[in-house]
Amino acid sequence: MAGRNIEIILGGLVDAVRNQDPERITEFLAADLVWEGLEPGLRCDGREQAMGVIRNRFAAGPLTVEAVEVIDAGQHVIVGLRGPGFNGTLGDLDTVGQIYNVFTLSDGQVIRWRDYLTREQALQVITWLADEKILLGLVGLFWLNAHLRVQAKQGNATCLIAGARHKNALTPQNRR
């Protein structure tokens, strides 16, 4: 990864707004990006489709940001943007509002981008994604435990501990 996820997102967004150049955003979007907007059914599949929407927004008038809130959540970065047009109403570029974007990155590129009207909604999604990872990790641990028990019963005294193989970690005396 070229840099921390928060640096990748902020660098691209700040450059794009400062220079009124949407192409600065292209660099950190994955080719197979999925962007889900505020309204059900508003979705872009792929970088080119997303960039079409972004280019149209910049062409409609100057993009002004009055305030930025950023939360670094590892693989996810939440960016709250406040200013004219960030109000959740398509086509309304004048009313001041605030939206929250949740960016999910992999290998330095955004693979998923979701929009929310409130910080609470954005944080809830991050919490749900973290809970999903924990659940998948627990499923993996249960599988590993069952796998080791089967191996021990078959007389194979090899055990995986912290990613390394240890012979005789399960001996005939301590098999269950």
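Read-outs throughout are calculated quantities, based only on the coordinates presented, and are distinct from any laboratory measurement. Everything quoted here is computed from the prediction, not taken from an experiment. Positions of Cβ are backbone-derived with ideal geometry, glycine not excepted, and every protein chain shown enters the neighbour counts.
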Given (1) under 16 Å from the mean Cα position of the chain (by Cα); (2) in a strand (DSSP E or B), index of the condition residue 99 fails: (1)
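Restricting to the range 102-111, name every residue that is surrounded by fewer than 17 Cβ atoms within 10 Å (Cβ to Cβ) and outside any loop (DSSP other than H, G, I, E, B). Spell out how you get there, then give the answer.
Pass one, the range 102-111, residues surrounded by fewer than 17 Cβ atoms within 10 Å (Cβ to Cβ): 106-108, 111.
Those that are surrounded by fewer than 17 Cβ atoms within 10 Å (Cβ to Cβ) and outside any loop (DSSP other than H, G, I, E, B): 106, 111.
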Sole exception among (1) in contact with an Asp or Glu (Cβ under 6 Å, 6 or more places away or on another chain); (2) surrounded by fewer than 19 Cβ atoms within 10 Å (Cβ to Cβ) for residue 114, by number: (2)
Given (1) touching a residue at least 12 places away in the same chain (Cβ under 8 Å); (2) among the β-branched types (Val, Ile, Thr); (3) outside any helix (DSSP H, G or I), identify the lone condition not met by residue 89. (1)
